[in-house]
Amino acid sequence: MTSMPSPTRLLTAAALAAAALTAPAQAEFAAIGDPKPAVILFGPSNDGGWSQAIDEARTRLEGTLDMRIPQAEEIPESATAIRPAAELFIERGANIILGSAFGYSDTFKALSEEYPEVVFLNPAGTTNGDNLKSFYGRTYETHYLCGMVAGGLSESGKLGFVAANPFGLVNWTVNAYLLGARQVNPEATVTVVFTGAWADPVKERAAAQALVEQGVEVIGQHVDTPTVQVVAAEAGIYGTGHHRDLSEFSSATQCSSVWTWDRFLEPEIQKIASGTFEPAPYGAFLSIAAGAIDIACCGDAVSDELEALVMAERDAIVAGKHVFAGPLSDRDGTERVAAGAVLDDGALWGMDWFVDGVIGQ
């Protein structure tokens, strides 16, 4: 997604995340008066990906909470753009400001300290405080499930994946995709191509076409636009999407990892209103069970039998199954997770390795 960090900043966030998501909550906080949320959106609300997923969550929240939630779109990741938008909403009575980008983190931290009566919530952020919470999703769970779909649809086991940058939160989707595929196709491989950009349709098309030329039968993605899915349809193969249900754009798409932010945000807003909001010193790292992520599955090419297997694994994950359970080694043969253990959150955020069967990079 366009809003994600540089490698240096991401590693800083990874170090914090090691202890993050199990740390005790701080004092409870309630916004003054009835909740009045407002959204500051990094991109356009019709980008087909990250920003649109947030906008769609906003629209659903308007319905479930029976309130209007105003929004400012295309606000760049700079304090000179973010601050005026936030302060205008606050002047108009907003007491909950929802962001949408990693690059909002520092400005949101400063604003939260200047406006202690306002709650700031930021997906993909890294800063936190008494009235500031950043959050992200365990997308390895959803890509594992879409990987099962990909593995089940491929006769040869040759899968492809177009990704933006080899950061931990991208690498875990690639690795999980292959682990899922091998649940139904033990000989599956994943050839990954990194574009170096979160949203570049030209690079995404070139990467997807290169994978098609190598004979892959299904292409997954962790980039912003639906271009990869469009190329898959043009080539007569299958695809799996990211951010939203990308079958909207392509008949090739058989499964998508989707953001369901409103499932997390609705109870958060209700807690703020009731005075039971609990800050998280290192942010919230959200599973399918916790809300914020899920899959849109399955497309017409997926058999009833395969769909049943995928949904059974989804149920297992919701019940506590960890995708990265040991024993697990990387493609160089180094043990990464011992038998009986699971990968901890710090190791997930810092993931700089690939499982055996991932080709490229």
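The values are calculated or read from the model by the stated rules, or taken from the named source; none is laboratory data. As the structure is a prediction and not an experimental result, all values here were calculated from the model. Positions of Cβ are generated from backbone atoms using ideal geometry, with glycine treated the same way; all protein chains shown enter the neighbour counts. In case anyone asks, the SASA skips ligands and DNA or RNA and just uses the protein heavy atoms, side chains included. Shrake-Rupley method; radii C 1.70, N 1.55, O 1.52, S 1.80 Å.
Some points to look at:
- A single entry from G215, G220 fulfils the requirement of being under 16 Å from V162 (Cβ atoms) and within 19 Å of the chain's Cα centre (by Cα): G220.
- Residue list for the stretch 96-125, restricted to those being part of a loop (DSSP other than H, G, I, E, B) and closer than 22 Å to R263 by Cβ: G99, S100, A101, A124, G125
- Strands (runs of 3 or more DSSP E) enclosed by the stretch 250-361 - at least 2 residues per element that are under 25 Å from L159 (Cβ atoms) and touching a Gly at 6+ places or on another chain (Cβ under 6 Å): 253-260
- Test for A301: is it open to solvent by 60 Å² or more (accessible area, probe 1.4 Å), of a type in the set (A, V, I, L, M, F, W, C) and more than 23 Å from the chain's Cα centre (by Cα): no
- Qualifying residues in the stretch 202-248 (those that are of a type outside the set (V, I, T) and assigned to a strand (DSSP E or B)) - the one most open to solvent (accessible area, probe 1.4 Å): Y238
- Filtered by the rule that a residue be open to solvent by 40 Å² or more (accessible area, probe 1.4 Å) and without any contact (Cβ under 8 Å) to a residue 60 or more places away in the chain, the stretch 183-196 gives P186, E187, G196.
- Residue check for E155: crowded, with 24+ Cβ neighbours inside 10 Å, touching a residue at least 12 places away in the same chain (Cβ under 8 Å), charged (D, E, K, R) and more than 22 Å from I75 (Cα to Cα): no
- Within the stretch 158-182, considering residues that are part of a helix (DSSP H, G or I) and open to solvent by 10 Å² or more (accessible area, probe 1.4 Å), the one nearest to A347 (Cα to Cα): L179
- Of everything in the stretch 98-135 that is open to solvent by less than 10 Å² (accessible area, probe 1.4 Å) and aromatic (F, W, Y), the residue that is nearest to G239 (Cα to Cα) is F135.
- Whichever residue in the stretch 261-291 is touching a helix residue (DSSP H, G or I) at 6+ places or on another chain (Cβ under 7 Å) and of a type in the set (S, T, Y) and, among such residues, is nearest to T126 (Cα to Cα): Y282
- Residue within the stretch 42-63 that is small (G, A, S), open to solvent by 50 Å² or more (accessible area, probe 1.4 Å), under 19 Å from G291 (Cα atoms) and at pLDDT 95 or above present: yes
- Within the stretch 65-82, considering residues that are in contact with a helix residue (DSSP H, G or I) (Cβ under 6 Å, 6 or more places away or on another chain) and in a helix (DSSP H, G or I), the one least open to solvent (accessible area, probe 1.4 Å): I82
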